[in-house]
Amino acid sequence: SKFAKGKKVGYIANDVFTARKEVKYYKDLFNIKAEKAYIKDFEDWKTQFKKLQKTVDMVIVGNVSGIKGWNESAAEEFVLNNTIKPTGCIYSWVSKFALISVTVLPEEQGHWAAQTALKILSGTKPSEIPITKNKKGKIILNQKIAEILEIKFDDNLKKGAEIIK
């Protein structure tokens, strides 16, 4: 939101249950209401991406896996030619389509799974293990999109981040 001119959020992702759960999670966590676009094919993704760029102040780019006809290189070129608002995502494989990505670390999830398995093997009931959230993440900054939007990332944000050039 630091780079957006308002608070109106859009969300674009594949048309699956998980994408719908993510929007609910964002709503609950950040108290936001998002204009949603659930996509089945690549042509619709391009149409809806352009629409959101015109109707909201920032866009969350969700998972694109399983979108029929998806073409990664064509999508990257399309994004570079059609991004006019800041975008973000949480998946490393989607980071080339977003300005800023804060992605989960599989190592953290693996560590939690191993520790949880050990607890269960020691007699803890699965129902006694609380649901948790990721606490760590990796920041990926897309310099190509930043240049298009005339955004300069400050040194603190760049520190430790992966930069897509």
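Based on DSSP, what percent of beta bridges with both residues in the chain are antiparallel, to the nearest 5?
Given both bridge residues lie in the chain, the antiparallel proportion sits at roughly 20 percent.
Ordering 16-28, 48-60 by mean Cβ neighbour count within 10 Å, with the highest value first, yields 48-60, 16-28. Heavy-atom accessible surface of the stretch 1-156, averaged per residue, reaches 62 Å², computed with a 1.4 Å probe. Surface composition of the stretch 1-78: carbon plus sulfur atoms contribute 53% of the solvent-accessible area (1.4 Å probe, protein chains only, all chains present).
Considering only ALA98, LEU52, ALA75, and ranking their Cα positions along the charge dipole of the stretch 20-103 that arises from unit charges at the beta-carbon of Lys, Arg, Asp and Glu, the one farthest toward the positive end is LEU52. The value obtained for the stretch 14-165, namely the Cα convex hull volume divided by the number of residues, is 138 Å³ per residue.
Rounded to the nearest 10 degrees, what's the angle between the helix 17-30 long axis and the longest principal axis of the chain, both from Cα atoms, 0 to 90? For helix 17-30, the angle is close to 90 degrees.
For the set LYS8/LYS54; LYS96/LYS152; LYS8/LYS68; LYS24/LYS68; LYS2/LYS152; LYS46/LYS138, the pairs lying more than 20 angstrom apart at their alpha carbons are LYS8/LYS68; LYS24/LYS68; LYS46/LYS138.
Heavy-atom accessible area for SER127, with the other protein chains in place and a 1.4 Å probe, reaches approximately 110 Å².
A helix-only calculation puts the chain at -12000 deg cm²/dmol for mean residue ellipticity at 222 nm, using -39500 (n - 2.57) for each DSSP H run of at least four residues, averaged over all residues. Contact order for the stretch 23-165, expressed relative to its length and based on alpha carbon pairs under 8 Å spaced 6+ residues apart, stands at 19 percent. The stretch between TRP112 and LYS33, if pulled fully straight at 0.36 nm per residue, gains 25.4 nm over its current Cα-Cα span.
The values are calculated or read from the model by the stated rules, or taken from the named source; none is laboratory data. Model, not experiment: these values are computed from the prediction. Using ideal geometry, Cβ is built from the backbone for each residue, glycine included, and neighbour counts are taken over all protein chains shown. Keep in mind that these areas ignore ligands, DNA and RNA; they rest on the heavy atoms of the full protein, side chains included. Shrake-Rupley method; radii C 1.70, N 1.55, O 1.52, S 1.80 Å.
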